[in-house]
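To keep things clear, I will list the structure first and then write my remarks on it.
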Amino acid sequence: MKNIKIDESLEKYISDNSYDLHPVQKEIIEYNNNLGEIKKMQISVTQAYFMQLMIKITNVKKILEIGTFTGYSALSMALAMDADGLITCLDKNKETSDTANNFFKKANVSNKIDLLIGSAVENLNILINQNKSFDLIFIDADKENYIKYYDLAYQLLSTNGLILIDNVLWKGEIINNNKNDKITNIIKDFNKYIKNDNRIDKTILPIGDGVTICRKL
């Protein structure tokens with residue numbers, strides 16, 4: 001057992017010794033840090049580094065993101081994509097989506113990002129009806145709909161494509177037998193659902209708040 005706990009100091013060390021963050025990435029982080037409790041909706045810097053490297057290695061061209069918040073994850077992925085890459089973002093919050101779009105413009109990646117505001121379930125069904133397909137799908141939205149998002153996303157995933165799902169370790173609460181609140185139990189049920197899905201290869205990586213990676217067989 002050689003796992004190590006990544007706290008803020010160690011994450012800063014990782015960032016300081018990886019490639020430099022884009023100025024607008026830094027700006028989003030600073031902006032989110034002033035939002036109070038909801039700043040936790042941003043993925044970790046470590047996750048962003050991981051996703052960017054994965055995109056570069058696999059040469060992903062089409063990405064779908066479910067849950068965009070103020071744009072840190074979408075911006076990070078867009079920066080890693082070639083000029084012909086496209087990210088379709090789904091989010092229901094117009095205020096945070098407008099903020100995200102402003103950051104995308106500032107970083108000159110707006111041409112790579114199409115942000116659709118509204119119900120993610122409705123927009124996923126629209127994309128399915130349009131016969132869209134994606135190489136990588138990132139799910140980081142309301143946990144109550146995780147299974148629904150996953151099942152719809154699977155229909156949009158190209159063969160050998162990847163689905164990444166955030167927050168699957170839920171601050172470690174998923175192994176706390178005394179923790180029986182609604183969201184914790186939803187995450188537990190979701191993890192069991194993924195475990196039993198034979199249509200995919202899957203694994204959980206302990207980065208950020210836990211990321212499940214699924215590959216469509």
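The values are calculated or read from the model by the stated rules, or taken from the named source; none is laboratory data. Predicted, not measured: the structure shown is a model, and the values here were computed from it. Cβ: placed from backbone, ideal geometry, glycine included. Neighbour counts: every protein chain shown. Areas reflect the complete protein model, heavy atoms only, side chains present, ligands, DNA and RNA absent. Shrake-Rupley method; radii C 1.70, N 1.55, O 1.52, S 1.80 Å.
Can you tell me which condition SER15 does not meet? The list is (1) open to solvent by less than 20 Å² (accessible area, probe 1.4 Å); (2) in contact with a Ser or Thr (Cβ under 9 Å, 6 or more places away or on another chain); (3) not acidic (Asp, Glu), and all the others hold.
Going through the list (1) open to solvent by less than 20 Å² (accessible area, probe 1.4 Å); (2) in contact with a Ser or Thr (Cβ under 9 Å, 6 or more places away or on another chain); (3) not acidic (Asp, Glu), SER15 breaks only (1).
Of the conditions (1) closer than 29 Å to ASN185 by Cα; (2) surrounded by fewer than 13 Cβ atoms within 10 Å (Cβ to Cβ), ASN131 fails just one. Which one is it?
Checking ASN131 against (1) closer than 29 Å to ASN185 by Cα; (2) surrounded by fewer than 13 Cβ atoms within 10 Å (Cβ to Cβ), the one that fails is (1).
Somewhere in segment 88-110, is a residue surrounded by 12 or more Cβ atoms within 10 Å (Cβ to Cβ), aliphatic (A, V, I, L, M) and closer than 18 Å to ALA141 by Cα?
yes
Can you say whether LYS171 is part of a helix (DSSP H, G or I), on the phi > 0 side of the Ramachandran plot and more than 16 Å from the chain's Cα centre (by Cα), as far as the supplied structure shows?
Judged against the criteria, LYS171 is a match.
Would you confirm whether any residue within segment 170-190 is among the small types (Gly, Ala, Ser), without any contact (Cβ under 8 Å) to a residue 60 or more places away in the chain and either in contact with a Gly (Cβ under 9 Å, 6 or more places away or on another chain) or surrounded by fewer than 19 Cβ atoms within 10 Å (Cβ to Cβ) (or both)?
Taking segment 170-190 as the starting set, the residues that turn out to be among the small types (Gly, Ala, Ser) are 172.
Keeping just the survivors that are without any contact (Cβ under 8 Å) to a residue 60 or more places away in the chain gives 172.
Next cut, either in contact with a Gly (Cβ under 9 Å, 6 or more places away or on another chain) or surrounded by fewer than 19 Cβ atoms within 10 Å (Cβ to Cβ) (or both) only: 172.
Yes: segment 170-190 contains one or more residues that are among the small types (Gly, Ala, Ser), without any contact (Cβ under 8 Å) to a residue 60 or more places away in the chain and either in contact with a Gly (Cβ under 9 Å, 6 or more places away or on another chain) or surrounded by fewer than 19 Cβ atoms within 10 Å (Cβ to Cβ) (or both).
Just the residues that are over 19 Å from ASP209 (Cα atoms) and open to solvent by 30 Å² or more (accessible area, probe 1.4 Å), please, taken from segment 140-153.
Matches in segment 140-153: LYS148, ASP151.
Look at LYS202 and say whether it is in a strand (DSSP E or B) and either surrounded by 11 or more Cβ atoms within 10 Å (Cβ to Cβ) or at pLDDT below 95 (or both).
On the way: in a strand (DSSP E or B): yes; either surrounded by 11 or more Cβ atoms within 10 Å (Cβ to Cβ) or at pLDDT below 95 (or both): yes.
Yes.
Which pairs do you get when a residue that is under 18 Å from LEU53 (Cα atoms), found in segment 1-26, comes within reach of a residue that is in a helix (DSSP H, G or I) and of a type outside the set (Phe, Trp, Tyr), reach meaning Cβ atoms under 6 angstrom, with the pair 6+ apart or on two chains?
Listed by first residue and then by second, the contacts come to GLU11/VAL45; GLU11/THR46; ILE14/THR46; SER15/VAL45; HIS22/LEU79.
Would a scan of segment 36-57 turn up a residue that is farther than 24 Å from GLY210 by Cα and crowded, with 19+ Cβ neighbours inside 10 Å? Spell out how you get there, then give the answer.
Within segment 36-57, the subset farther than 24 Å from GLY210 by Cα is none.
Checking segment 36-57: not a single residue is farther than 24 Å from GLY210 by Cα and crowded, with 19+ Cβ neighbours inside 10 Å.
Conditions first: (1) in a strand (DSSP E or B); (2) surrounded by fewer than 20 Cβ atoms within 10 Å (Cβ to Cβ). GLU30 passes all but one, so which condition is the exception?
Answer for GLU30: the failing condition is (1).
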